[in-house]
Amino acid sequence: QRGKPKLPVVIEAQKLTYNDVQKRAVYVGNVVAQHGKTILNGDKLIIYFTKDGKEIKKIVVMGNIHIKSEKGEGWCDQLVYYPAQEKAVLIGNAKLKQGKNILVGDRIVAYKSGRVEVVGQKRRVKTVIFPEEKGGESKRP
Amino acid sequence: MNRSFFYKVALVLVALSLVPLVIFLSRREGPPKKISVKVHQRQTVENFVLNSTGEEKWVLKSPLAVFKERNLIELQSPVLKVFRDPPIVIEAERALFDREKGELRVVKVKLKSGQLFGASQEGTYFVGREFFTTNSGCFIKIRSSTTTGKNCTLKFKEREVIISQDVRTLIDGE
């Protein structure tokens, strides 16, 4: 993705506590975060910055979580989002809806490309789904 | 008999004429109670400089300071520098410094400390505790992120920012 402009992250909430020693920002209360076309909702959102405080390492969301992007939308108990890779990890009662497909598991990893990994210890469900190419053809491994 | 009668009448008249004088003299107010009236001159100082005396090292400067009271100083375009790591610099359009409480109440204020820059319409900086608080709106920039909101507190010692209303943050390109 060389040359592709980096996308800003916008967060709205009721309250913010930022600590420059820990390089961490905690947002609480109706939190909405947007990164490009990905929108995260939750009760609490924590941003972990890199040591120099300039970039986001990861974003952790808790409580009433909902994530929506072009590729689909998801729900879970806890979500970890990596803006640099545009990767989302849905943890605990994870559910992802892509078009008509609904994937359920203990942990779902959704990649920017649309590729998804579903891991299910409790329900022994494990699904790998490849995005359909334009024109409806499915891309096989 | 006539003489003594007239003599008595004269005596009575004389006595009666003295009564108003006695009343007048007795009604005259005593000297006014001593009231201590604060004698204060509105002392104005140009190129005002005030250095800290306590543990915290700071200096407060202003091109024009007016002493409203002994410990209450009105300052035009004040600049407060707190010598810590990183240093804190607070500039405002005007301020009221309460020397006794160690509070600098500022209007149209800018605060800088290391990577942090803050601005607000008004607020109070507590000199001893090194923290600033405002109930009005504020703008905070820290490296690649800018945040706006209301009810903001900047704790310089703890290097912590708390905004407790209407928070909106923009973090540049991820």
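For the reader, a short list of remarks on this structure follows.
- Single residue of segment B:139-171 satisfying the filter (buried (at least 17 other Cβ atoms within 10 Å of the Cβ) and outside any strand (DSSP E or B)) that is farthest from the other protein chains (Cβ to nearest Cβ): B:F156
- Any hit, segment A:72-94, residues being under 16 Å from B:I171 (Cα atoms), assigned to a strand (DSSP E or B) and without any contact (Cβ under 8 Å) to a residue 40 or more places away in the chain: yes
- Positions within segment A:72-86 being within 14 Å of chain B (Cβ to nearest Cβ) and open to solvent by 70 Å² or more (accessible area, probe 1.4 Å), in sequence order: A:A84, A:Q85
- Per the conditions (1) touching a strand residue (DSSP E or B) at 6+ places or on another chain (Cβ under 7 Å); (2) within 14 Å of chain A (Cβ to nearest Cβ), the sole criterion not satisfied by B:K110 is (2).
- Residue in segment A:87-104 that is open to solvent by 10 Å² or more (accessible area, probe 1.4 Å) and closer than 22 Å to B:K141 by Cβ present: no
For (1) of a type in the set (A, V, I, L, M, F, W, C); (2) out of contact with any Ser or Thr (no Cβ under 8 Å at 6 or more places or on another chain), each residue gets a yes or a no:
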{"site": "A:H35", "(1), (2)": "no, yes"}
{"site": "A:T38", "(1), (2)": "no, no"}
{"site": "A:K44", "(1), (2)": "no, yes"}
{"site": "A:I47", "(1), (2)": "yes, yes"}
{"site": "A:K58", "(1), (2)": "no, yes"}
{"site": "A:V61", "(1), (2)": "yes, yes"}
{"site": "A:K68", "(1), (2)": "no, no"}
{"site": "A:E73", "(1), (2)": "no, yes"}
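- Exactly one residue among B:F83, B:F97 is of a type outside the set (A, V, I, L, M), open to solvent by less than 20 Å² (accessible area, probe 1.4 Å) and away from every other protein chain (no Cβ under 14 Å), and that residue is B:F97.
The values are calculated or read from the model by the stated rules, or taken from the named source; none is laboratory data. Just so it is clear, the structure is predicted and the values come from calculations on it, not from any experiment. Glycine also receives a Cβ, built like all others from the backbone with ideal geometry; neighbour counts cover every protein chain displayed. Accessible surface is based on the protein model in full, side chains and every heavy atom, while ligands, DNA and RNA are left aside. Shrake-Rupley method; radii C 1.70, N 1.55, O 1.52, S 1.80 Å.
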